[in-house]
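Nothing in this text is a laboratory measurement; each read-out follows from the coordinates by a stated rule. Keep in mind that what you see is a predicted model, and the values were worked out from it rather than measured. Cβ sites come from the backbone with ideal geometry, for glycine too, and all protein chains shown count toward neighbours.
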Amino acid sequence: MSKITLYGIWLSGPTYKAGLALSLMGQPFAYKHVDLRAGAHKQPDYLAINRFGQVPALVDGDLKLCQSGSILLYLADKFGKMGGKTAEEKARVREWLFWEYDRLAPNVYRARAIKRGFMKADDSVYQLYTGLANDALKVLDGALASSSFLVGNEATIADVAVYGDVAYAGEGGIDLGPYSNIKAWMARVEKLPGFKTYEDALPKQDAA
Ligand SMILES: N[C@@H](CCC(=O)N[C@@H](CS)C(=O)NCC(=O)O)C(=O)O
């Protein structure tokens with residue numbers, strides 16, 4: 001059986017989510033660095049893998065898959081891990097995945113991109129993103145007040161996806177200080193076997 005190959009760039013939050021899920025599931029993977037600065041993600045060979053011209057992408061045999069949420073769901077299904085135990089838990093996992101890419105990820109990632117100089121924007125635009133990110137963080141903090149993980153009693157890909165947003169809040173200048181439940185949950189995620197930070201989860205170059 002050929003190894004799964006993850007395409008991405010180590011600075012990318014969505015790529016981190018896929019790499020972190022593979023690591024938490026104990027699955028080795030090959031890695032292809034996609035040089036966004038050089039425009040590699042818009043070249044025909046990469047567009048044949050990800051028609052949206054973005055990272056990440058995952059190749060498993062003949063299957064070429066993109067969108068981090070879809071990749072997480074595929075991995076959970078393929079390996080029978082972290083997908084939720086019952087039909088309701090699986091549906092709740094999907095709820096979190098759709099919510100986080102609506103309310104949390106874009107606002108945290110764009111605030112980070114502005115702070116790190118990947119994206120240029122006026123201060124009012126930055127304030128808009130951080131305000132919306134804080135709105136989402138309040139909701140998340142409330143949800144974590146009474147449960148150890150987002151769905152059920154164990155970590156799922158919902159935790160992976162949401163962790164892969166919140167992990168970049170600091171770089172985006174968003175203070176997690178007021179969110180004690182989020183901070184306690186992050187510490188729990190960081191103790192899971194196979195956990196890696198975004199600096200460690202993904203190679204900086206191609207890896208077999
Ligand atoms: N919703 C997508 C977002 C992917 C995304 O925004 N990737 C960024 C890097 S973090 C990218 O490829 N940007 C280049 C572009 O969109 O042209 C996912 O979850 O996979």
Checklist entry - Hey, among 102, 141, which residue is away from the ligand (no atom under 16 Å from the Cβ), within 17 Å of residue 160 (Cα to Cα) and under 19 Å from the mean Cα position of the chain (by Cα)? => result 141
Checklist outcome for this item: Going through segment 34-80 in order, the residues found to be part of a strand (DSSP E or B) and either within 13 Å of the ligand (Cβ to nearest atom) or of a type in the set (A, V, I, L, M, F, W, C) (or both) are 57, 58, 59, 63, 65, 66
Checklist outcome for this item: Of the residues in segment 26-39, those that are out of contact with any Leu (no Cβ under 6 Å at 6 or more places or on another chain) and surrounded by 15 or more Cβ atoms within 10 Å (Cβ to Cβ) number 6
Checklist entry - Can you name the condition, by its number, that residue 154 falls short on among (1) surrounded by 14 or more Cβ atoms within 10 Å (Cβ to Cβ); (2) acidic (Asp, Glu); (3) assigned to a helix (DSSP H, G or I)? => result (3)
Next on the checklist: Tell me whether segment 40-48 contains one or more residues that are surrounded by 19 or more Cβ atoms within 10 Å (Cβ to Cβ), more than 21 Å from residue 164 (Cα to Cα) and of a type in the set (Ser, Thr, Tyr).
Outcome noted: yes
Checklist entry - Among all residue pairs at least 6 apart or on different chains, which show Cβ distances below 9 Å where the first residue, located in segment 162-175, is of a type in the set (Asp, Glu) and the second is not in a helix (DSSP H, G or I)? => result 171/116; 175/169
